[in-house]
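Novice: Structure incoming, see below.
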Amino acid sequence: MERTILPIYIGYDSREAQAWHICAQSIIEQASGPVQIIPLNDKLTSQGGGTNAFHRCRFLVPDLQHWQGWAIFCDSDMLWRADPYALLGLKDSYCAVQVVQHDYATRFPRKYVGSAMESDNLDYPRKNWSSLMLWNCQHRANRVLDPEFVAGATPQQLHRFEWLKESFVGGLPADWNHLVREGVANPDAKLMHWTLGVPTLDGGHYSQDEGADEWRTVLERANRCG
């Protein structure tokens, strides 16, 4: 029997194109089965308004999947160190979406330091929950997420999952979205997330962060030809 292809949407921002390709490379290297990697940005919606170009469109994944099956969304500033099919293996059909439910206040008031993207790093409820999502696209509660709703909703409604009952927002183990610098180093993290800035960001502010050498190694492989 032919194996179903796992769709993985990665947020794409042209200012961080290198990060997108490294994230995709790591998925390809770790996946134990076929994957479909799809770049996603807010050209799909009529509004932006976030610190990246995929602030809203991540919530269109169920619609893009025609409300069928399961899919993954992740930010581009991530490095996969484990099989995305292992993440899929954690699916709970009761839930509309599953996320790592971070509960923290950032220690860093600025992000992307030293680059043209430098900006405030504000705290808000459920911060970084939506940076990695295991979507149950067929869940009835996600049928509201059509382009009109996503374009018109506030960022709070979207990123705090306010269209869902609390019980429909399922959890994932913390090592599936490890926030570099924001907590204790985790050499066993399944997914590294440089939410403050990737190691190769202009200015070099994050060049020696946790996992930076591994990031650069994957970059070398992504750049290799022949």
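Bear in mind these aren't lab numbers, they're just calculated from the coordinates by the rules spelled out. Everything numeric here is computed off the predicted structure, so don't read it as measured data. All Cβ positions, glycine included, derive from the backbone under ideal geometry; neighbour counts span all protein chains shown.
Novice: Out of curiosity, is residue 184 crowded, with 19+ Cβ neighbours inside 10 Å, aliphatic (A, V, I, L, M) and either in a helix (DSSP H, G or I) or out of contact with any Phe, Trp or Tyr (no Cβ under 8 Å at 6 or more places or on another chain) (or both)?
Specialist: Taking the combined requirement at face value, the residue does not satisfy it.
Novice: Against the conditions (1) more than 27 Å from residue 218 (Cβ to Cβ); (2) charged (D, E, K, R); (3) surrounded by 14 or more Cβ atoms within 10 Å (Cβ to Cβ); (4) more than 16 Å from the chain's Cα centre (by Cα), where does residue 140 fall short? Just the number, please.
Specialist: (3)
Novice: Let me ask you something else. Restricting attention to the range 182-212, which residues are free of Cβ contacts under 8 Å to residues at least 60 places away in the same chain and in contact with an Asp or Glu (Cβ under 9 Å, 6 or more places away or on another chain)?
Specialist: Listed by number, the residues that qualify are 185, 186, 187, 188, 199.
Novice: Condition first: among the acidic types (Asp, Glu), assigned to a loop (DSSP other than H, G, I, E, B) and touching a residue at least 24 places away in the same chain (Cβ under 8 Å). Now tell me which residues in the range 55-114 satisfy that.
Specialist: Hits for the range 55-114 are 75, 77, 83, 92.
Novice: Here's a check for you: in the range 2-32, which residue that is assigned to a helix (DSSP H, G or I), touching a strand residue (DSSP E or B) at 6+ places or on another chain (Cβ under 6 Å) and small (Gly, Ala, Ser) is surrounded by the most Cβ atoms within 10 Å (Cβ to Cβ)?
Specialist: Across the range 2-32, the extreme among qualifying residues is 26.
Novice: May I pose another question? Hey, can you tell me all the residues within the range 189-214 that are touching a strand residue (DSSP E or B) at 6+ places or on another chain (Cβ under 9 Å) and either on the phi > 0 side of the Ramachandran plot or of a type in the set (D, E, K, R) (or both)?
Specialist: Correct list: 190, 197, 210, 211, 214.
Novice: Consider the range 150-175. How many of its residues are in a helix (DSSP H, G or I) and either hydroxyl-bearing (Ser, Thr, Tyr) or more than 16 Å from residue 124 (Cβ to Cβ) (or both)?
Specialist: Keep residues of the range 150-175 that are in a helix (DSSP H, G or I), which gives 150-152, 155-159, 166-168, 174-175.
Narrowing further to those that are either hydroxyl-bearing (Ser, Thr, Tyr) or more than 16 Å from residue 124 (Cβ to Cβ) (or both): 150-152, 166-168, 174-175.
Counting residues in the range 150-175 that are in a helix (DSSP H, G or I) and either hydroxyl-bearing (Ser, Thr, Tyr) or more than 16 Å from residue 124 (Cβ to Cβ) (or both) gives 8.
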